[in-house]
Amino acid sequence: MELGMVGLGRMGGNMSERLLRGGHRVVGYAQNVERVQRVVSLGGAGTDSLGGLVAQLRPPCTVWLMIPSEAVDATIEALLPLLARDDVVIDGGNSYYKDSVRRAARLAERGLHFVDVGTSGGIWGLREGYSMMVGGDRQVVKRLTPIFQTLAPAPDRGWGHVGPTGAGHFVKMIHNGIEYGMMQAYAEGFALMRRKEVFGLDLRQIAEIWKVRQRGTVMASRPGGAGPGRESEPRGDRRPRAGQRGGTLDRDGGHRARGRHPRDQPVAGAPVPLARGRAVR
């Protein structure tokens with residue numbers, strides 16, 4: 001298959017490379033020219049505009065957005081006059097699921113399709129594959145199946161069509177909340193051990209003992225995955241911005257996956273308080 005990839009940061013760039021390795025044709029577009037050139041050097045095509053990207057795709061076109069959530073609406077509006085009936089726009093970032101439902105309705109007015117893909121995999125996705133929670137029309141998702149099969153850890157695992165439009169980003173939101181809870185639990189646990197000075201604990205040694213190599217989502221691999229001999233994820237700029245729903249920027253302007261927490265969208269009958277325990281003295 002072929003698709004246009006808008007946004008070639010750590011996620012978009014590595015996903016493009018994995019797709020190219022899998023035999024797909026990728027047309028890359030990003031504001032950073034060097035990132036476009038990297039896709040070209042890997043065997044893909046590049047462009048300096050959205051119009052140039054769509055022009056290089058055979059209809060029906062598939063355009064995958066891997067950009068900060070606050071940039072999705074403007075990018076869709078710029079794409080609308082360029083796309084034709086039955087084309088597909090995929091949002092693989094950490095957009096708010098209600099925004100995804102709204103965007104799908106907007107595209108449907110033009111006879112276009114919208115698919116929301118909650119994507120997890122981080123800096124290890126290129127090698128290990130990406131976990132993808134897909135929301136959208138069943139027939140459209142079926143058409144896109146070869147793309148998901150290539151990006152996933154294996155064609156038959158690590159991804160799935162979880163429901164209609166919005167379901168993919170909703171499930172990813174829950175995934176994010178679980179991940180953040182796990183990370184907080186790790187941090188609190190290591191803080192407790194550090195303060196138990198009487199034992200003189202070597203926290204790096206304990207982290208290595210606890211480390212379990214698992215394939216799959218960042219939720220499985222990140223908490224115990226960084227240590228000696230393994231690259232840790234660059235911090236980037238994690239400070240929230242006014243009105244930001246999800247997604248942060250690296251120092252060089254690339255997109256980092258950082259999504260919403262379930263506490264932002266409570267579900268009736270399913271309270272999600274932050275767990276707070278007491279330290280054992």
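The values are calculated or read from the model by the stated rules, or taken from the named source; none is laboratory data. Bear in mind the structure is a predicted one, so any value in this text is a computation, not a measurement. We place every Cβ from the backbone using ideal geometry, glycine too, and count neighbours over all the protein chains shown. Note: accessible area is taken over every heavy atom of the protein model, side chains too, but ligands, DNA and RNA are not part of it. Shrake-Rupley method; radii C 1.70, N 1.55, O 1.52, S 1.80 Å.
General observations
- Single residue of segment 27-38 satisfying the filter (over 20 Å from Leu144 (Cβ atoms) and aliphatic (A, V, I, L, M)) that is most open to solvent (accessible area, probe 1.4 Å): Val33
- Of the residues making up segment 137-167, those that are open to solvent by 30 Å² or more (accessible area, probe 1.4 Å) and touching a strand residue (DSSP E or B) at 6+ places or on another chain (Cβ under 7 Å) number 8.
- Meets criteria (surrounded by fewer than 20 Cβ atoms within 10 Å (Cβ to Cβ), aliphatic (A, V, I, L, M), within 21 Å of Gly158 (Cβ to Cβ) and touching a residue at least 24 places away in the same chain (Cβ under 8 Å)) for Met15: no
- Close pairs from segment 91-118: first within 9 Å of Thr165 (Cα to Cα), partner aromatic (Phe, Trp, Tyr), Cβ under 8 Å, at least 6 apart: Tyr97/Phe170; Ser100/Phe114; Ala104/Phe114; Asp116/Tyr97
- Test: residue in segment 117-124 that is of a type outside the set (Asp, Glu), at pLDDT below 95, open to solvent by 10 Å² or more (accessible area, probe 1.4 Å) and on the phi < 0 side of the Ramachandran plot: yes
- Of all residues in segment 99-157 being among the charged types (D, E, K, R) and in a strand (DSSP E or B), the one that is farthest from Val171 (Cα to Cα): Arg157
- Residue in segment 13-20 that is assigned to a loop (DSSP other than H, G, I, E, B) and either more than 26 Å from Asp86 (Cβ to Cβ) or in contact with a strand residue (DSSP E or B) (Cβ under 6 Å, 6 or more places away or on another chain) (or both) present: no
- Subset of segment 194-211 that is among the hydrophobic types (A, V, I, L, M, F, W, C) and touching a helix residue (DSSP H, G or I) at 6+ places or on another chain (Cβ under 6 Å) - its residue that is most open to solvent (accessible area, probe 1.4 Å): Trp210
- Test result for Met173, touching a Lys or Arg at 6+ places or on another chain (Cβ under 9 Å), open to solvent by 60 Å² or more (accessible area, probe 1.4 Å), among the aliphatic types (A, V, I, L, M) and farther than 19 Å from Val63 by Cβ: no
- Contact annotation: residue pairs with Cβ atoms under 9 Å, 6 or more positions apart or on different chains, pairing a residue in segment 141-167 that is free of Cβ contacts under 8 Å to residues at least 12 places away in the same chain with a partner that is in a helix (DSSP H, G or I), are Pro155/Thr145; Pro155/Pro146; Pro155/Phe148; Pro155/Gln149; Asp156/Gln149.
- Extreme residue, nearest to the chain's Cα centre (by Cα), among residues of segment 59-86 that are surrounded by 14 or more Cβ atoms within 10 Å (Cβ to Cβ) and among the charged types (D, E, K, R): Glu70
- For Asn94: the one exception among (1) modelled with pLDDT of 95 or more; (2) on the phi < 0 side of the Ramachandran plot; (3) not hydroxyl-bearing (Ser, Thr, Tyr): (1)
- When the test is whether a residue is in a helix (DSSP H, G or I), closer than 30 Å to Leu79 by Cβ and out of contact with any Pro (no Cβ under 6 Å at 6 or more places or on another chain), Gly160 does not pass it.
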